[in-house]
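The values are calculated or read from the model by the stated rules, or taken from the named source; none is laboratory data. Please read these numbers as outputs of a predicted model, since none were measured by experiment. Cβ atoms come from the backbone with ideal geometry, glycine included; neighbour counts cover every protein chain shown. The accessibility values were calculated without ligands, DNA or RNA, using every heavy atom of the protein model including side chains. Shrake-Rupley method; radii C 1.70, N 1.55, O 1.52, S 1.80 Å.
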Amino acid sequence: MHEENKAAANGCSKIRRGAQNGAALLALMEKTGYSMVQQNGQRKFGGPPPGWEGPPPPRGCEVFVGKIPRDMYEDELVPVFERAGKIYELRLMMEFSGKFIGVCVSLDNCRLFIGAIPKDKKKEEILNEMKKVTEGVVDVIVYPNATDKTKNRGFAFVEYESHRAAAMARRRLIPGTFQPWGHTIQVDWADPEKVVDEETMQRVKVLYVRNLMISTTEDKIKAEFNKFKPGVVERVKKLRDYAFVHFFHREDAVAAMSVMNGKCIDGASIEVTLAKPVNKESSWKQHFNGQISPSSENLLGFSSKEDGTQKSLGKPSSLSIRLNGQHSPGPPEVERSTYPIFPGIKLTPISMYSLKLSHFSSAVMHLDYFCHKNSWAPPEYCLYSTTSQDGKVLLVYKVLISSIADDSQSYFMPEKLCTTVEDAKELAAQFTLLHL
């Protein structure tokens, strides 16, 4: 009876708290004039507020607040956030746990990644299919297959008019109830595009050219871009089906972009934009989400300089560097926390491919995940060895990446040797990811 009385008391307490919260929310709406609507697992306060004129606030005006205690609602949150300024809209999710809150700039991502799309579908077909079941679709970005330009690569990016529209679309598509063309698609947030300030972009004199044929050579690209004005191209660097065209002067790069965008080279209609400048060090660190130890930079040959220049290769001292970070200065490795398994805890079997990239701490796992996401065969590692002048056995892996769809193959092998199999494999995976 004691337990029954306790349960009844708890139930009455919850009812009283619910009534108090309801009254507090009504008082808040009467005081502020804001409306409140509950939909799709979230409660929206405002949006727009009373008396608002003009368009909604631009992108970059929203912050995300996490780890809000479960028993805290708008009547307590609004006064806290109003200290920073007038609230346009507050959306409260109902499943946050009770810890200290965290506040950061909200990632205003309006783009979703859609995978496992039939490779014979055109942009218009994908666009129409997405518009059938989601709202606010602005555009669909589809990349042609590297070897067969009549097919796509099995994935697309869907751009929405707002972050909220993208979030609602993701919620709608994730359960798997929507199967376009009889296929179960993969849905996730697209990696946000790198934002480069306008002042930096005004100095760019390199063009990014995509949708090239695999067979198109760097000399052919240079000759085509030199046609509109001979001698303006400094050099060309081609990687698979895209390339970077470097010009001596910015004005020539801008002019070439206008002339060459949409032109055909070897039967492929190319797309040309200004390249977004990044240094090699920051680029590969972002690619691995900061998960790889700092000593891996030394294995790859990157210096700590901001210009991304490489260290000299082949020095015996660099070969002894380990991947555990013990012999390399710099910030510590990412923390790998462990948690106890309590009796009765529920463990659910999952596929590693359902995880995020941030769950992987090695380049080998990143590469395996990357190949799976692009519907390629798993990477194949071929081990080679040689002997140094002092008699040490030195190792290097060659990596083979095969496309299941078109049987194309690509080989990647770093220009450095290692003393252990583990280091050699990790280095080969890093090198491959940087060149895909």
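Each Cα pair under 8 Å and six or more residues apart adds its sequence gap; the mean of these over the residue count of the stretch 111-189 is a relative contact order of 43 percent. Evaluating 6.51 cos²θ - 1.76 cosθ + 1.60 at θ = phi - 60° for every residue in the stretch 113-126, the Karplus couplings come out as 8, 10, x, 6, 8, x, 6, 8, 7, 8, 4, 5, 5, 5 Hz, glycine and proline recorded as x. Over the stretch 166-272, accessible surface divided per residue gives 56 Å², non-protein components excluded, 1.4 Å probe. Less than 5 angstrom separates the built amide H of Q186 from those of G115, A116, all sequence-distant by 5 or more or on a different chain. Packing, as the average of other Cβ atoms within 10 Å across residues, places the peptides 55-66, 81-92, 245-256 in the order 245-256, 81-92, 55-66, highest first. If a paramagnetic tag sat 7 Å from the Cα of F228 along the Cα-Cβ line, which residues of the stretch 249-270 would have the backbone N under 11 Å from that point? Counting backbone N atoms under 11 Å from the label point, the list is 252-263.
By how many nm would the segment from L355 to T217 lengthen if fully extended, with 0.36 nm per residue of separation less the alpha-carbon distance? Display every interim value, and only then the final one.
On the way: separation 138, 0.36 × 138 = 49.68 nm, distance 3.77 nm.
Additional length available on full extension: 45.9 nm.
If the chain linking H435 and V138 were pulled fully straight, counting 0.36 nm for each residue of separation and taking away their Cα-Cα distance, it would gain 103.8 nm. The phi-based Karplus calculation (6.51 cos²θ - 1.76 cosθ + 1.60; θ = phi - 60°) puts the 3J(HN,Hα) values of the stretch 378-394 at x, x, 9, 10, 10, 8, 10, 9, 8, 10, 6, 5, 9, x, 6, 7, 10 Hz, whole numbers, x for Gly and Pro. Projected label points at A27 and V259, each 7 Å from Cα along the beta carbon direction, are separated by 7.2 nanometres. Take K346, project a point 7 Å from its Cα along the Cβ direction, then tell me which residues of the stretch 133-177 have their backbone nitrogen under 20 Å from it. Residues 175-176 fall inside that zone.
In the distance distribution for the stretch 198-274, Cα-Cα pairs more than 14 Å apart total 54 percent. Rounded to the nearest whole Hz, the Karplus-based 3J(HN,Hα) values (6.51 cos²θ - 1.76 cosθ + 1.60, θ = phi - 60°) of the stretch 220-229 follow the sequence 5, 5, 4, 5, 5, 6, 8, 5, 6, 7, with x at glycine and proline.
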